[in-house]
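Quick note: the coordinates plus some simple rules give every number you see, no bench work behind them. Predicted, not measured: the structure shown is a model, and the values here were computed from it. Counting neighbours? That spans all protein chains shown, and the Cβs are built from the backbone with ideal geometry, glycine included.
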Amino acid sequence: LDARLVAQLGCRPDVQRVHVGDTGCASAVVALQQAWNHLRAFPGHRAVVVAVEICSAAYFLDDRLETAVAHAIFADGAGAVALSADGAGPTIVEHRTLFRSEHLGAMGFAYPGGRPRVILSKDVRRIGAQMMGEMAQALRTTHGLKREDVAHWILHSAGRRVLDRARVLLDLRDDQLAHSRTVLRRYGNMSSATIFFVLDEMLRADTAVPGDWGLMIGLGPGFAAEGALLRW
């Protein structure tokens, strides 16, 4: 895919590329972090982060409830974000990663007969919301921010129950999760591409003003949360 994009976009022959895989729904934020690191080292460069997910390729038929739930939630999707050291759009102030290895088996893949089957524990709804809360707290504390200082919440549309728990845990209003819920309702959970859809919904709403703070949080196997603090 990256080679085809390089050709179609007419990139220079010395273009740099990084493939991020096997980090599940958090992959886009992981890749965003790598692009951010690169641009801090080379301010004159430009970067594009592309997230493509073909979740239907992991279709598996058995009698497990978690398999049925996974097929009901996950969908195919793709999204992209362009980054530069200047220009319009929010600034990435900080990135942070949070691992909770004690929940390693809560989400991932098994390969019975060599075919991928989603592992999706019912504990994900609790773990995911909890780790969103931990990530939000860590990013806010570092910059002396209170919950009410954050105007925009760009949270991974992991599932309805994860978002319900996250709303309570983070003490958010219903409208602060509207973009995440809209994406889940319209498109489903498109794994890593989902967070870019939520960001797009937020930007299209055009409610941000200079000085606003935002939090972007993705979730993935590990169990891991990937977060970014944004400033307009």
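Between the residues V6, A129, H71, the greatest Cα displacement towards the positive end of the dipole of the chain, with unit charges on the Cβ of Lys, Arg, Asp and Glu, is found for H71.
Two tests apply to each whole DSSP H helix in the chain, Cα reach of 18 Å or more along its axis and mean Kyte-Doolittle hydropathy of at least -0.5, and the ones passing both are 27-41, 124-142.
Using the empirical formula 2.2 N^0.38 Å as the baseline, the Cα radius of gyration of the range 60-137 reaches a ratio of 1.50.
Each helix, a run of at least 4 DSSP H residues, gives -39500 (n - 2.57); summed and divided by the residues of the chain, these come to -11000 deg cm²/dmol at 222 nm.
For the range 30-85, what relative contact order do you get, as a whole percent, if you take Cα pairs closer than 8 Å and at least 6 residues apart?
Details: 60 pairs, mean separation 27.9, N = 56.
Contact order relative to length: 50 percent.
Under the convention that each Lys and Arg Cβ holds +1 and each Asp and Glu Cβ holds -1, the size of the dipole of the chain around its Cα centre is about 180 debye.
Normalised by the number of residues in the chain, the average gap of Cα pairs under 8 Å and 6 or more apart makes the relative contact order 30 percent.
Ordering Q176, H152, H45 by Cα displacement along the dipole of the chain toward the positive end leaves Q176 in first place; charges were set at the Cβ atoms of Lys, Arg (+1) and Asp, Glu (-1). Simple spin-label estimate for D76 and S101 gives 3.7 nm between the two label positions (7 Å along the Cα-to-Cβ direction from each Cα).
Listed highest first by mean packing, meaning other Cβ atoms within 10 Å per residue, what order do 218-231, 195-208 come in? Display every interim value, and only then the final one.
Values: 218-231: 24.4, 195-208: 18.1.
Averaged packing, sorted descending, gives the order 218-231, 195-208.
Here the extension length gained between D63 and A85 equals 2.9 nm, from 0.36 nm per residue of separation less the Cα-Cα distance.
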